[in-house]
Amino acid sequence: MKNKSIVLLSGGLDSVVSLAIVANSSSEILALTFNYGQKSFESEKTASENISRFYKIKHKIIDLDWLKEISNSALNNSYKVPEINKFDIDNIDSAKESAKLVWVPNRNGLFVNIAACFAEALEYDQIVIGANKEEAVTFKDNSVNFINSVNSSLKFSSNKDVTLIAPLINMNKEQIVKQGLELEIPFNLIFSCYNGYEKHCGKCESCMRLKRALEFNNRYDIIKQLFD
């Protein structure tokens with residue numbers, strides 16, 4: 001029996017590859033995109049809408065304006081989004097500092113619990129998140145421990161058997177790009193930048209990780225399409 005899946009869809013690389021992985025094993029998919037006042041929301045909205053149309057799935061935007069009011073993150077506040085060079089991506093101190101500046105209070109925990117409300121009410125079986133091994137190094141809400149802890153909590157917070165899964169949890173960005181290429185995801189539609197420019201800024205940590213992964217896979221054509 002196929003699962004009914006709710007996908008947390010930002011429109012970025014990780015969420016789109018996760019969607020592509022569960023697409024064939026799901027009888028029904030609902031994509032949720034969250035507006036928490038992030039600088040990149042309009043670009044994420046466009047990307048997630050186009051990707052939902054590409055995969056012919058249902059899509060809903062959830063407004064969380066209040067999260068911006070209590071957040072000091074550079075993602076949804078007036079602070080400048082931190083820039084990082086490719087030599088510092090694997091420097092744990094630099095990466096941790098960048099992560100600290102873009103951290104939004106309990107963001108993934110909130111998103112998952114909202115998705116669980118939809119799952120219980122509309123009888124979906126699983127929630128799909130783009131958590132991955134590379135970002136788990138500096139973002140604890142991308143870790144295996146986070147996934148396991150949430151699943152333990154869902155047993156008590158939901159009257160339905162709802163499971164959180166992370167198809168990319170053991171992959172780094174190079175492997176995620178490779179998986180995306182194999183699954184033929186629409187790379188031209190994704191948006192993974194922390195800033196809200198028309199194209200990827202190429203300077204924030206999210207951009208640098210995506211660009212490095214594309215370089216590793218020799219996909220300079222996609223780099224030109226997304227960044228230039």
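Once the Cα atoms of helix 173-182 and of the chain are each reduced to a long axis, what angle between those two axes, in degrees from 0 to 90 to the nearest 10, is obtained?
On a 0 to 90 degree scale, this one is about 70.
Going by amide H atoms built from the backbone, whose H comes under 5 Å of the H on HIS59, apart from near neighbours?
HN-HN under 5 Å from HIS59: ALA31.
Contour minus end-to-end for ASN85 and ASN188, with contour as 0.36 nm per residue of separation and end-to-end as the Cα-Cα distance?
Value of the extension gain: 34.7 nm.
What pairs from LYS60/LYS133; LYS80/LYS199; LYS80/LYS140; LYS39/LYS80; LYS80/LYS100; LYS60/LYS80 go past 21 Å between their alpha carbons?
Violating the 21 Å limit, Cα to Cα: LYS60/LYS133; LYS80/LYS140; LYS60/LYS80.
Hey, what angle do you get for helix 144-157 against the long axis of the chain, alpha-carbon based, 0 to 90 degrees rounded to 10?
The two axes meet at around 30 degrees.
Extending each Cα 7 Å along its Cβ direction at TRP66 and SER157, get the distance between those two points in nm, one decimal.
1.5 nm
Taking every DSSP beta bridge that has both residues in the chain, what percent is antiparallel when rounded to the nearest 5?
Antiparallel bridges: around 5 percent, rounded to the nearest 5.
At 7 Å along the Cα-to-beta-carbon direction for both LYS4 and GLN225, put a label point, then send me their distance in nm to one decimal.
Rounded to a tenth, the inter-label distance reads 3.4 nm.
Want the number for ALA23 to CYS117: 0.36 nm per residue separation, take away the alpha-carbon distance, what's left?
31.7 nm is the gain from fully extending ALA23 to CYS117.
How would SER78, SER73 line up from fewest to most surrounding beta-carbon atoms within 10 angstrom?
The most exposed by this proxy come first: SER78, SER73.
Given the pairs LYS45/LYS155; LYS96/LYS211; LYS203/LYS224, which span a C-alpha to C-alpha distance of over 21 angstrom in this model?
Checking Cα-Cα distances, LYS45/LYS155 exceed 21 Å.
Using only helices, what value at 222 nm comes out for the chain when you add -39,500 (n - 2.57) per DSSP H run of length 4 or more and divide by the total residues, to the nearest 500 deg cm²/dmol?
Mean residue ellipticity, 222 nm, calculated: -14000 deg cm²/dmol.
On a 0 to 90 degree scale, rounded to 10, what angle separates helix 41-55 from the longest Cα axis of the chain?
60 degrees
Over the residues of region 147-228, compute the C-alpha Rg and express it relative to 2.2 N^0.38 Å.
After normalising by residue count via 2.2 N^0.38 Å, the value is 1.40.
Per residue, what volume in Å³ does the convex hull of the Cα atoms of the chain enclose?
So the per-residue Cα hull volume is 114 Å³.
Please give the net charge around PHE139, taking every other residue with its beta carbon less than 12 angstrom from that of PHE139, where Lys and Arg add +1 and Asp and Glu add -1.
+1
When only DSSP loop residues count, what trypsin sites (Lys or Arg not before Pro) in region 84-174 have their Cβ near at most 11 other Cβ atoms within 10 Å?
In loop regions of region 84-174 (DSSP not H, G, I, E or B), the sparsely surrounded trypsin sites (Lys or Arg not before Pro) are LYS86.
Using only C-alpha positions, report the orientation-averaged shadow area of the convex hull of region 145-190, nm², one decimal.
With every direction weighted equally, the projected area is 4.6 nm².
Suppose we take every Cα in region 1-111 and form the convex hull; what volume per residue is that in Å³?
Per residue, the Cα convex hull of region 1-111 comes to 124 Å³.
Every number here is computed from the coordinates shown, using simple stated rules; none is lab data. Since we're looking at a predicted model, the values are computed, not measured. Ideal geometry is used to build each Cβ from the backbone, glycine not excepted, and the neighbour counts take in all protein chains shown.
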